[in-house]
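Nothing in this text is a laboratory measurement; each read-out follows from the coordinates by a stated rule. Since this is a predicted model, take the numbers as computed values, not measurements. Note that we place each Cβ from the backbone using ideal geometry, even for glycine, and neighbour counts take in every protein chain shown.
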Amino acid sequence: MNLSLALLKEKLVTLVKDDNIGVSGSLLHLPHPVFYAGGDCLDSHILYITMAEKLPSNLTFMPASALICIGDPPPNCYNDALDLLVITDATDIFELSNAIHEIYEIYGNWDLKLQRCLREKKSLQHLADISELIFGNGMFVMNGDFYMVAHSKMHALYDSPNLHLDESGRIPIEQVNLFKNDAIYNKIKNEKNVFIYPSEVLPFRTLCQNIFLNDTFLFRIIVPETVQPFNDSDSQILEYLSQQLVQDPDYLATFQRSKNSQLETLLQNIMLGNAYNQTAFQKALQQMGWSQTNLYCVVHIKPSSQDIYHTTTTYFCNVIMQDFRQTFAFSHNQSILVIINLDHLDGSRDDYFKKFNRMVKDGNFKVGYSNYSVGLTHLKEYFREAEIALELGTRNDPTKANHKFCDAVLPYMLNQITAELPGQLLISPILMRLQDYDLKNHSDYVHTLRVFLNNNHNAVQTAKDLFIHRATIVYRLERIKEIGHTDLKNKDELLHLDLSFELIQLATN
């Protein structure tokens, strides 16, 4: 494996007295060094070792040549074409050579292990294990679902209380929510180069490299700044590691997200209206201990725009299924759909939904709940109930996060009623006659009727609400009956009047 002069400087820091390192000095382009054996020019991409007295004063240099010199070299060695390390005068050249070769051997052995890891398609944990000594701070691997799927074992960072990782390596919701709302994190999500993420969310700086396959994010290699400060060579080696990974797409393909579970595949088909194996569906439910006699609630969660950008829906599906027992969650059309078995909850339903709604609030989500139902025979319709609750609830109150279908049924019915014809064409003829009379005579019979209906036909309460005498309300009601051609007793007429007022209110809103 080729190394850079900057890396060698870091490893030989106790021996270095001076240097002159340019851009090429940070490139991993130098093979094992050779002793300078004379000549008037140093070749490109060759690392020479010598003593100062061996160098002629007229020595020239090809671009990107490199020299490690014991003692002060001639002034012409301080040249833009030459990357130079000056070693203390008392250093033995053979001891220096041995030290340099040991450095090359360490990185060469790591490179051999790396190539074998790729060739044999070993795990990311194996990759972290073989790399922990190369990165003095150890190494993590975080997948697209915000799970630390691999980590070096050189220290107890993985179990650090500052990270709060669970046994599966999941980053807690609080940190994921901070990630997705962090302006810096939004910029580096699709970064192709090595970058440093500041200690904004995690309790330390991290050196990171995103790994992609065909422009699809697979995972992020993370070097935490916990044991020692970052060196320039950390970026060089991390970049080299990522290049080796990207050049082996067959290896990376093994870390693409696994196919959906059988139950998720069945649910996706149900949502799309496709044919599905009902026997397989029943069997999948039975494997979860669920039956068609259980009581269920279906949930539709609308993630924030940040969640869609950071593709966190799979993460939150896993969170829901791990933190909320008796649920099954899956992604569908950039939303999260959840089935809850209400009969198998550990505690009370109130406590369960309080905790669930707290998760919704912390995640900056919007959520719709279906009505409770026995069995899942009409599952697609239950999902539609939850979606309707979310759509209409958000429209009526955008500031509210939780919406129930039972509260949205009437607005939904009114929307369906006016799907073909506008509301003004569906108004009760009784109400139309009263509207016409009020307009011509500057009276207020429509308002009187509305208050009367809202008070469940209670004339006394209506008089109080209108601040009029009881005899006056009796007179007005008689006039309403006369003008509207109604006795205000026919159930169909009264229902039509109630719906008419709702349609007027809907049009006003």
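Translational diffusion coefficient of the stretch 121-253 at 37 °C, 0.692 mPa s, Stokes-Einstein with Kirkwood Rh over Cα pairs, in µm²/s as a whole number.
Roughly 219 µm²/s, to the nearest whole number.
Relative to the present Cα-Cα distance, how much length would full extension add between T216 and E174 at 0.36 nm per residue of separation?
12.6 nm
Where the eigenvalues come from the Cα gyration tensor of the stretch 262-411, what are the semi-axes √(5λ) of the equivalent ellipsoid, largest first, in whole Å?
Working through the eigenvalues yields semi-axes of 23, 17, 17 Å.
For a 21 Å ceiling on Cα separation, which of these pairs sit above it: K9/K192; K440/K481; K361/K400; K180/K361?
The pairs that break the limit, which is 21 Å between Cα atoms, are K9/K192.
Pairing the Cα long axis of helix 313-323 with the longest principal axis of the chain, what angle in degrees results, from 0 to 90 and rounded to the nearest 10?
80 degrees
Ranking W290, W110 by Cβ neighbours within 10 Å, fewest first, what do you get?
So the residues, fewest neighbours to most, are W110, W290.
If amide hydrogens are placed 1.01 Å from N in the peptide plane, which non-local residues have theirs closer than 5 Å to the one on S44?
Answer set, sorted by chain and number: M62.
Tell me the label-point distance for the pair D350, L466, using the 7 Å Cα-to-Cβ offset, in nm and rounded to one decimal.
In this crude label model, D350 to L466 measures out at 4.1 nm.
With θ set to phi - 60° and the Karplus curve 6.51 cos²θ - 1.76 cosθ + 1.60, what are the ³J(HN,Hα) couplings of the stretch 87-98 in order, to the nearest whole Hz, using x for Gly and Pro?
Running phi through 6.51 cos²θ - 1.76 cosθ + 1.60 with θ = phi - 60° gives 9, 3, 4, 7, 6, 6, 5, 6, 5, 4, 4, 5 Hz.
For K400 and K361 in the same chain, what is the full-extension length gain: residue separation times 0.36 nm, less their Cα-Cα distance, in nm?
Additional length available on full extension: 13.1 nm.
If the chain between A459 and V13 were fully stretched, how many nm would it gain, using 0.36 nm times the residue separation less the Cα-Cα distance?
151.0 nm
Step through the residues of the stretch 40-54 one at a time and calculate ³J(HN,Hα) from phi using the Karplus curve (6.51 cos²θ - 1.76 cosθ + 1.60, θ = phi - 60°), rounding each to whole Hz and writing x for Gly and Pro.
Each residue's phi maps through the Karplus curve to give 9, 8, 9, 6, 5, 6, 10, 9, 9, 10, 6, 9, 4, 5, 7 Hz.
From the phi angles alone, apply the Karplus equation (6.51, -1.76, 1.60; θ = phi - 60°) to the stretch 477-493 and give each ³J(HN,Hα) in whole Hz, x where the residue is Gly or Pro.
5, 5, 5, 4, 4, 5, 5, x, 6, 8, 9, 6, 10, 5, 4, 5, 5
Looking at the square roots a ≥ b ≥ c of the eigenvalues of the Cα gyration tensor of the stretch 41-177, which shape do they give, rounded for a/c under 1.5, prolate if a/b is larger than b/c, or oblate?
Note, shape of the stretch 41-177 comes out prolate.
Report, in debye and to the nearest 20, how large the dipole of the chain comes out about its Cα centre when Lys and Arg carry +1 and Asp and Glu carry -1 on their Cβ.
The dipole magnitude comes to about 2500 debye.
Report the relative contact order of the stretch 121-253, percent, no decimals, based on alpha-carbon pairs under 8 angstrom and at least 6 residues apart.
22 percent
Compute the FRET efficiency between R384 and L410 as 1/(1 + (r/R0)^6), taking r as their Cβ-Cβ distance and R0 = 22 Å, and round to the nearest 0.05.
The formula returns an efficiency of 0.85 here.
Could you work out how far apart the two model spin labels at T265 and D250 are, taking each label as a point 7 Å from the Cα in the direction of the beta carbon, and quote it in nm?
For T265 paired with D250, the spin-label model returns 2.6 nm.
Taking Rh as the Kirkwood radius computed over C-alpha pairs, what is the Stokes-Einstein D of the chain at 37 °C in a medium of viscosity 0.692 mPa s, expressed in µm² per second?
In µm²/s, the coefficient is 112.
With an 8 Å cut-off on Cα pairs and a minimum separation of 6 or more residues, tell me the relative contact order of the stretch 197-256 in percent.
The normalised contact order for the stretch 197-256 reaches 29 percent.
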